[in-house]
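This report concerns only the one structure given below.
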Amino acid sequence: MSYQLSPYLALDGTTREAMEFYQSVLGGELTMMTFAEAGAGDFPGSDRIMHASLTTAGGLEIFGADTLAEMGHTAGDTVALSLMGNDDALPGLFAALAEGGTVTVPFERQMWGDDYGQFRDKFGVVWHVNRQGDPAA
């Protein structure tokens, strides 16, 4: 198996502060990219964090992102599950887990070069599924 399940935080403009705090407590390597740095353009909120990743020496991973105004921030939606890796099983897992739920981002190639999709499953849990790398297109 070459994929893993990690928590993904959705915060309303406080991702940078939260992830820096978690790093100060847990240690590890922190990387962050704004919407502008990811190539999404210059718009109100483009300086917010599109993706943050904290990986500790002990193997913990926490991901996070800021919501944008048009995404709508719901207090109960601050944690999602992120299924990531380079495994060819990920598209099928996306389809199976999304069954009966609502797909919010179809599983397809994204601007950062990975295949990614997002959905809310039939139980209300938000999932991010990301197949890394350059799979056979």
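The values are calculated or read from the model by the stated rules, or taken from the named source; none is laboratory data. Quick caveat: nothing in here was measured; it's all calculated off a predicted structure. Quick reminder, even Gly has a Cβ in these numbers, built from the backbone with ideal geometry, and neighbours come from all protein chains shown.
Descriptive notes on the structure:
- Looking only at the range 18-35, and only at residues there that are of a type in the set (A, V, I, L, M, F, W, C), within 15 Å of G59 (Cα to Cα) and surrounded by 15 or more Cβ atoms within 10 Å (Cβ to Cβ), the one that is modelled with the lowest pLDDT: L26
- Applying the condition of being among the aliphatic types (A, V, I, L, M) and surrounded by fewer than 16 Cβ atoms within 10 Å (Cβ to Cβ) to the range 48-80 and asking which residue is farthest from the chain's Cα centre (by Cα) yields A57.
- For the range 37-47, the condition of being modelled with pLDDT of 90 or more, surrounded by 15 or more Cβ atoms within 10 Å (Cβ to Cβ) and out of contact with any His (no Cβ under 7 Å at 6 or more places or on another chain) holds for none of the residues.
- Residue check, T31 of a type in the set (S, T, N, Q) and touching a helix residue (DSSP H, G or I) at 6+ places or on another chain (Cβ under 8 Å): no
- Hits in the range 8-17 - residues which are farther than 20 Å from W127 by Cβ and buried (at least 17 other Cβ atoms within 10 Å of the Cβ): R16
- Check on G100, exposed (fewer than 15 other Cβ atoms within 10 Å of the Cβ) and over 23 Å from A38 (Cα atoms): yes
- Subset of the range 71-105 that is in contact with a Ser or Thr (Cβ under 6 Å, 6 or more places away or on another chain) and of a type outside the set (D, E) - its residue that is modelled with the lowest pLDDT: H73
- Scanning the range 78-127 for residues that are farther than 25 Å from L68 by Cβ and among the polar types (S, T, N, Q) returns a single hit, N86.
- When L5 is tested against the conditions (1) within 15 Å of M84 (Cβ to Cβ); (2) aliphatic (A, V, I, L, M); (3) surrounded by 15 or more Cβ atoms within 10 Å (Cβ to Cβ), the lone failure is (3).
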